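A short write-up of the structure that comes next.
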There are 2 protein chains.
Amino acid sequence: MQPVEHPKSLNEVTADKIRNAIVEGELALGAKLSEQRLADLLGVSRSPVRDALAALQAEGLVVISPKRGSFVFTPDSHVVDELCEHRVILETAAVRLGITRNPSELTRQLAASCDAMQSALDAGDPHGYTRADHQFHNAIIESADNRALAKSYVLMISPLKALRTHLFTIMTENTDRSLSEHHLVLNAVRDKDPDRAISLLSAHVGHLAEAFRANLSTSQDGKISPATLEA
Amino acid sequence: MQPVEHPKSLNEVTADKIRNAIVEGELALGAKLSEQRLADLLGVSRSPVRDALAALQAEGLVVISPKRGSFVFTPDSHVVDELCEHRVILETAAVRLGITRNPSELTRQLAASCDAMQSALDAGDPHGYTRADHQFHNAIIESADNRALAKSYVLMISPLKALRTHLFTIMTENTDRSLSEHHLVLNAVRDKDPDRAISLLSAHVGHLAEAFRANLSTSQDGKISPATLEA
DNA sequence: AAGCACCATCTACCATGTCAGATGTTCTTG
DNA sequence: CAAGAACATCTGACATGGTAGATGGTGCTT
């Protein structure tokens, strides 16, 4: 049996709910967040909400303006470029380590993720495709077996996940190319060719950055309709 | 004149004080931290202390055990290896970007840091040497001109800074080799040779990791005497 | 009508109170 | 004397209250 079973603190579940609401698009980019209002919506006190917002600020999902209010982050094409560049740095370093350390496990995970992407595409399930995509890149990070690196990645990727949801609502992205690029990376990993994998991965994330830039310049502002937080 | 002058929130100054106390060695590794005791020592309420501890936990300097207490982090040779590996990843990526983006400014900063190290060494000022060392590596990160990367670096480097203070109290480290290694990196940057700079930088941080491992295995636990927090 | 001072209102910041869980000690019991 | 139960105490989790600062509107002044 498992060692313990620690119920998540109210603090954590609150942070999870708010993060989810932002990433899933229930809260518009730049939307105003009030400690009091969120506390009322979630049925908790202001304390856990305050802690949660502070944690989300560290993740880059929320910006807190002293005495003025908390707001969902607003994308900025320069910041998005920085995030993508950082992402490339972490993923390429991770894939090199992963190919060195446990190539077979990494290959297995990437293949499974590619299959999941294909299935989601066949089923016309964009949400499932996104999940499989995240799973693919997460497998790369995990394969490096370095918690410090993984922590950095998690702290950096949330805004990008949110942007994907907010900008690609109508499935603007080219999933066919995306899928084939994933397969190319998989093959490079299978061949234990880190340099090729890195090159392909860089190009892949670069294409994502391009898509972000294109959609950011057209939409100008995140004007997705705000929605309520679900229990 | 400057746009504004926002006084730091009590929250931040509290976090700064506690962080400083840990990094400077005033608080022993693994020392027990009580919200109440810290609040009394610093003359503030428990709220800012609580927020500060949460922030420091995100930095890896503090671990909070629910309902049990907060403690200064305790080093673990495996975790230290991971931190150093992560550090190499970020610094090597940064130096490559820096050489591409603004090599002259980077060269200037690195040269200045090397001079400061030399001066500190001549003056027998280990604390000054450490500061110059941090300045050197920070210049590399800043040169990449990527805030996301810089944020990751800051969040990762604090425990390493603290370890340096706690483990190298008697100046165990080989400052002569360290200085020469810094100069080699400087020369590679001056020559705009990213591959050589990366190789040298990896070796340099690798030596640091070795030193950490050596001292960790001998001391087994951080038993530096605890001290009071200064105003 | 334009500009400015005043004020109602909203915000996060910080202080304090209350409570349940974790721990160390003492007392009881075999 | 050993082992376990009951208790006192310490901790952080969470709730709530008070306050300074920021904002937006209103009415007065010119």
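The values are calculated or read from the model by the stated rules, or taken from the named source; none is laboratory data. Note that the structure is predicted; figures quoted are calculated from it, not measured. Quick reminder, even Gly has a Cβ in these numbers, built from the backbone with ideal geometry, and neighbours come from all protein chains shown. Calculation scope for accessible area: heavy atoms of the full protein, side chains included, ligands and nucleic acids excluded. Shrake-Rupley method; radii C 1.70, N 1.55, O 1.52, S 1.80 Å.
Whenever a residue of the range B:40-53 is near DNA strand D (Cβ under 10 Å from one of its atoms), its partners that are not in a helix (DSSP H, G or I), lying with C-beta atoms within less than 6 angstrom and at least six residues away or across chains, give the pairs B:53/B:62; B:53/B:70. Among residues belonging to the range B:15-39 that are within 10 Å of DNA strand D (Cβ to nearest atom), free of Cβ contacts under 8 Å to residues at least 40 places away in the same chain and in a helix (DSSP H, G or I), point out the one that is most open to solvent (accessible area, probe 1.4 Å). Step by step, filter the range B:15-39, then rank; the result is B:37. Out of all the residues in the range A:15-28, is one or more within 14 Å of chain B (Cβ to nearest Cβ) and within 21 Å of residue A:151 (Cβ to Cβ)? Yes, because at least one residue in the range A:15-28 is within 14 Å of chain B (Cβ to nearest Cβ) and within 21 Å of residue A:151 (Cβ to Cβ). Among the numbered conditions (1) assigned to a helix (DSSP H, G or I); (2) among the β-branched types (Val, Ile, Thr); (3) not assigned by TED's automatic domain parsing to the domain that holds residue B:200, the only one that residue B:95 does not meet is (3). Might you check whether a residue that is more than 21 Å from the chain's Cα centre (by Cα), open to solvent by 70 Å² or more (accessible area, probe 1.4 Å) and either more than 30 Å from residue A:199 (Cα to Cα) or not assigned by TED's automatic domain parsing to the domain that holds residue A:207 (or both) occurs anywhere in the range A:47-58? There is at least one residue in the range A:47-58 that is more than 21 Å from the chain's Cα centre (by Cα), open to solvent by 70 Å² or more (accessible area, probe 1.4 Å) and either more than 30 Å from residue A:199 (Cα to Cα) or not assigned by TED's automatic domain parsing to the domain that holds residue A:207 (or both).
Matching residues to (1) open to solvent by less than 40 Å² (accessible area, probe 1.4 Å); (2) part of a helix (DSSP H, G or I); (3) within 14 Å of chain B (Cβ to nearest Cβ):
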site	(1), (2), (3)
A:120	yes, yes, no
A:130	yes, yes, no
A:134	no, yes, no
A:159	yes, yes, yes
A:201	yes, yes, yes
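Pairing residues of the range A:97-110 that are within 13 Å of chain B (Cβ to nearest Cβ) with residues that are surrounded by fewer than 20 Cβ atoms within 10 Å (Cβ to Cβ) and of a type in the set (Lys, Arg), at Cβ distances under 8 Å and at least 6 apart in sequence or on separate chains, gives no pairs at all.
Inspect all residues belonging to the range B:7-14 and state whether any of them is within 10 Å of DNA strand D (Cβ to nearest atom) and open to solvent by 70 Å² or more (accessible area, probe 1.4 Å). Yes: one or more hits.
Here's the yes/no breakdown for (1) away from DNA strand D (no atom under 16 Å from the Cβ); (2) open to solvent by 20 Å² or more (accessible area, probe 1.4 Å):
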| site | (1), (2) |
| --- | --- |
| A:62 | yes, no |
| A:74 | no, yes |
| A:78 | yes, yes |
| A:85 | yes, yes |
| A:90 | yes, no |
| A:94 | yes, no |
| A:97 | yes, yes |
| A:101 | yes, yes |
| A:110 | yes, no |
